[in-house]
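The structure appears below as structure tokens.
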Amino acid sequence: MTIELKAALYVVPTPIGNLADLTRRAADVLAAVPWIAAEDTRHSGPLLKQLGATGRLLPAHQHNEQAAAQRIVDIVRAGEAVALISDAGTPGISDPGARVVAAMHAAGLPVVPLPGACAAVTALSAAGFLAEQFLFHGFLPSKSGQRRQVLAGLRGQRAALVFYEAPHRILETVADLAAELGERTLLVARELSKLYESIVRLPLQEAHAWLSADSNRQRGEFVLVVSGAEVTADAAEGERVLRLLLAEGLGSKQAARLAAGISGGAQKNLYELAVRLKNGEE
Ligand code: SAM
């Protein structure tokens, strides 16, 4: 199909496993654009060939993204369309792309995002967690100490938490999630849209043993979705008091200590909440 393209950056999601998940619009845009900026031009070659895409390829990966962004801005400014793709899924989601998009905005040029495959959203749709919010974290630090520190900071978070993880780290990450977050429900979404797709929802504390029981369960690509922190009566009262004390101008530490003493809520969680409130994150 021939489509009308404008001078813009088209952000185009590609499949995360199943080639049939490329949308018709994505296929049309990729077949029609004169330029395709790709995270890895060799990796994307077969897909583009299959689509009959003849646009000139331009590498845009994490090591050259700023320079690529400038070149893309120049091309669009000169009146041509550029499609941006990453190796899999949506560009800019734990993938390069944000710098290119930011450069377009800075130059006052249009960005056209196409809806499409994203592992995080696909996993979330299978989680069935009732919290209306989710927090997409992407990859955690690879070192356990740093990972646990990040997770400790997320302990009071009520939104469901979404992580990406590689197979060689899945066991240690799940162990750290259980140690830092306590009693939660975990969705393990593995190999989404592929032959060995598996979706398992289980108590977080049982996940390490479940994964360890069969090495096949540790293979492939993973999205982990963890249910958000539950709000107990003490915690709810603690938050109410904390907000009052912060509004009176108390510092985070003092407000958390007093709110914990008055309500019976956990001081550490209240302190973390106070910091988030002060940073405008809640
Ligand atoms: N931009 C991509 C997106 O929109 O989802 C993510 C790219 S990131 C470099 C790759 C990570 O995404 C993998 O390590 C894995 O955690 C997750 N992922 C990608 N494809 C997946 C799939 N088919 N099943 C499960 N997780 C997947």
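The values are calculated or read from the model by the stated rules, or taken from the named source; none is laboratory data. Because the structure is a prediction, the values reported are computed rather than measured. Every residue, glycine as well, gets a Cβ built from its backbone with ideal geometry; the counts of neighbours run over all protein chains shown. Quick note on the areas: whole protein, heavy atoms, side chains included, nothing else; ligands and nucleic acids left out. Shrake-Rupley method; radii C 1.70, N 1.55, O 1.52, S 1.80 Å.
Taking the residues in the range 174-221 that are in contact with a helix residue (DSSP H, G or I) (Cβ under 7 Å, 6 or more places away or on another chain) and of a type in the set (Ser, Thr, Tyr) as candidates, determine which candidate is nearest to the ligand (Cβ to nearest atom). Once the filter is applied, the top-ranked residue is SER193.
For LEU57, the conditions (1) assigned to a helix (DSSP H, G or I); (2) touching a helix residue (DSSP H, G or I) at 6+ places or on another chain (Cβ under 7 Å); (3) open to solvent by 70 Å² or more (accessible area, probe 1.4 Å) all hold with the exception of (1). Taking the range 3-13 as the range and being closer than 16 Å to PRO91 by Cα and either basic (Lys, Arg) or within 9 Å of the ligand (Cβ to nearest atom) (or both) as the test, only PRO13 passes. In this structure, does LEU195 turn out to be open to solvent by less than 70 Å² (accessible area, probe 1.4 Å) and either of a type outside the set (S, T, N, Q) or farther than 26 Å from GLN157 by Cα (or both)? When the stated conditions are applied, LEU195 does not pass them. If you check LEU224, LEU151 for being within 16 Å of the ligand (Cβ to nearest atom) and either of a type outside the set (Asp, Glu) or touching a helix residue (DSSP H, G or I) at 6+ places or on another chain (Cβ under 8 Å) (or both), only one passes: LEU224.
State all residues of the range 71-101 that are β-branched (Val, Ile, Thr) and either under 15 Å from ILE16 (Cα atoms) or under 13 Å from the mean Cα position of the chain (by Cα) (or both); if no residue qualifies, say none. Answer for the range 71-101, where residues must be β-branched (Val, Ile, Thr) and either under 15 Å from ILE16 (Cα atoms) or under 13 Å from the mean Cα position of the chain (by Cα) (or both): ILE85, THR90, ILE93. So, ALA69, is that one under 15 Å from TRP35 (Cα atoms) and open to solvent by less than 10 Å² (accessible area, probe 1.4 Å) or not? For ALA69, the condition - under 15 Å from TRP35 (Cα atoms) and open to solvent by less than 10 Å² (accessible area, probe 1.4 Å) - is met. Please tell me if ARG77 is charged (D, E, K, R), out of contact with any strand residue (DSSP E or B) (no Cβ under 7 Å at 6 or more places or on another chain) and assigned by TED's automatic domain parsing to the domain that holds ALA107. Yes: the conditions hold for ARG77. Scanning the range 248-282 for residues that are modelled with pLDDT of 95 or more, open to solvent by 80 Å² or more (accessible area, probe 1.4 Å) and in a helix (DSSP H, G or I) turns up LYS253, GLN254, ARG257.
Total residues in the range 10-32 satisfying the condition of being of a type outside the set (S, T, N, Q), farther than 10 Å from SER86 by Cβ and in contact with a Lys or Arg (Cβ under 9 Å, 6 or more places away or on another chain): the figure is 2. The criterion of being within 30 Å of VAL174 (Cβ to Cβ), within 16 Å of the ligand (Cβ to nearest atom) and not acidic (Asp, Glu) holds for GLY116. Taking the criterion of being within 7 Å of the ligand (Cβ to nearest atom) and crowded, with 22+ Cβ neighbours inside 10 Å, the only residue of the range 75-88 that qualifies is SER86.
No other residue among ILE16, ILE3 is in contact (Cβ under 8 Å) with a residue 12 or more places away in the chain, touching a helix residue (DSSP H, G or I) at 6+ places or on another chain (Cβ under 7 Å) and exposed (fewer than 14 other Cβ atoms within 10 Å of the Cβ) apart from ILE3.
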